[in-house]
1. Here are some conditions: (1) more than 16 Å from THR52 (Cα to Cα); (2) outside any helix (DSSP H, G or I); (3) in contact (Cβ under 8 Å) with a residue 24 or more places away in the chain. LEU123 meets all but one. Which one does it not meet?
2. Yes or no: LEU147 in a loop (DSSP other than H, G, I, E, B), of a type outside the set (D, E, K, R) and in contact (Cβ under 8 Å) with a residue 24 or more places away in the chain?
3. Does segment 243-259 contain any residue that is more than 30 Å from ARG192 (Cα to Cα) and within 19 Å of the chain's Cα centre (by Cα)?
4. Scanning segment 216-226 for residues that are within 26 Å of TYR48 (Cα to Cα) and either in contact (Cβ under 8 Å) with a residue 24 or more places away in the chain or among the charged types (D, E, K, R) (or both), which turns out surrounded by the most Cβ atoms within 10 Å (Cβ to Cβ)?
5. Scan segment 75-100 for residues that are touching a helix residue (DSSP H, G or I) at 6+ places or on another chain (Cβ under 7 Å) and either of a type outside the set (A, V, I, L, M) or over 14 Å from PRO39 (Cα atoms) (or both) and jot them down.
6. Quick one: ARG178 ticks every box in (1) under 23 Å from GLY255 (Cα atoms); (2) outside any loop (DSSP other than H, G, I, E, B) bar one, so which box is it?
7. Based on what the data block shows, is VAL115 under 16 Å from VAL40 (Cα atoms), over 14 Å from the mean Cα position of the chain (by Cα) and either in contact (Cβ under 8 Å) with a residue 40 or more places away in the chain or outside any strand (DSSP E or B) (or both)?
8. Which of the residues that make up segment 227-265 are among the small types (Gly, Ala, Ser), closer than 21 Å to ILE80 by Cα and surrounded by 12 or more Cβ atoms within 10 Å (Cβ to Cβ)?
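The values are calculated or read from the model by the stated rules, or taken from the named source; none is laboratory data. Bear in mind the structure is a predicted one, so any value in this text is a computation, not a measurement. Cβ placement follows ideal geometry from the backbone for every residue including glycine, while neighbour counts extend to all protein chains displayed.
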Amino acid sequence: MSDSTYTPPRVWKWTPDSGSRFSSINRPEAGPTHEKDLPVGEHPFQLYSLATPNGVKATVMFEELLELGIREAEYDAWLINIMEGDQFSSGFVAVNPNSKIPALLDRSVDPAIRVFESGSILLYLAEKFGQFLPAAPAARTETLNWLFWQMGSAPFLGGGFGHFYAYAPEKYEYPINRYTMEVKRQLDVLDRQLAENRYIAGDEYTIADMAIWPWYGALVKNMVYEAAEFLQAHTYTHVVRWTDEVAQRPAVKRGRIVNKIWGDLSSQLHERHQASDFEQRTQDKLQGSN
């Protein structure tokens, strides 16, 4: 163990410039930093998000509902650039006091209902439209088991492993080893489950898949943290099989690019306000390449 020893002070004090990639937006207080109203479109649902794994959950769910022909699930997806502090505007904090994406406003009811936390958004929409959450008690409970498993496990993957392996200004052996062990354990949990089931909660595609795929599917495909080789992700063969199958769903292909502002331009759709936005994005790309 080569890590230097740190002795915590009696009273912790915030050092704003920690050298971290996210030091400019991290702070120890809640609440807004500036006044700004959120934009509002014409559809019943207003989503304020970014295509991080948590944001992808919500856009995939909306696109899956629309794929079923449920027009009442039409939505506007507005970009919230967390690196620029959009999540600390007064408008966003009013929808999500925790200042995290995604945040949803359901304007199909009066007064409008705010929904925050990605798992809560999935559950809210599943119950509202009666889709992707089984009605039978045993199957419903199994789906919710895995939904809450993801909500409890992903912070170890993102804030733990992802931070110390990919983003921390200094690399230390102990935290990287600690969180690597946990992430590999989580992948093994999923791999054992998927060895006996087509999807996470059984034979049916559910909100459990929508919650877990953006995190763990991206991990095994080296789309987050560039750690697939380090984790030997290819050895979790059932997770890889499931990841590939889910990725082929038309709604997933659409949902994963909404509110995305990085990577190849062909994989970006900064805002989504109607189904034709996907087609228009393709046309713009083709015109731009000429």
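1. Single failed check for LEU123: (2).
2. No.
3. Among the residues of segment 243-259, at least one is more than 30 Å from ARG192 (Cα to Cα) and within 19 Å of the chain's Cα centre (by Cα), which makes the answer yes.
4. It comes out as TYR216.
5. TYR75, ASP86, PHE92, SER99, LYS100
6. Failing condition for ARG178: (1).
7. No.
8. GLY255
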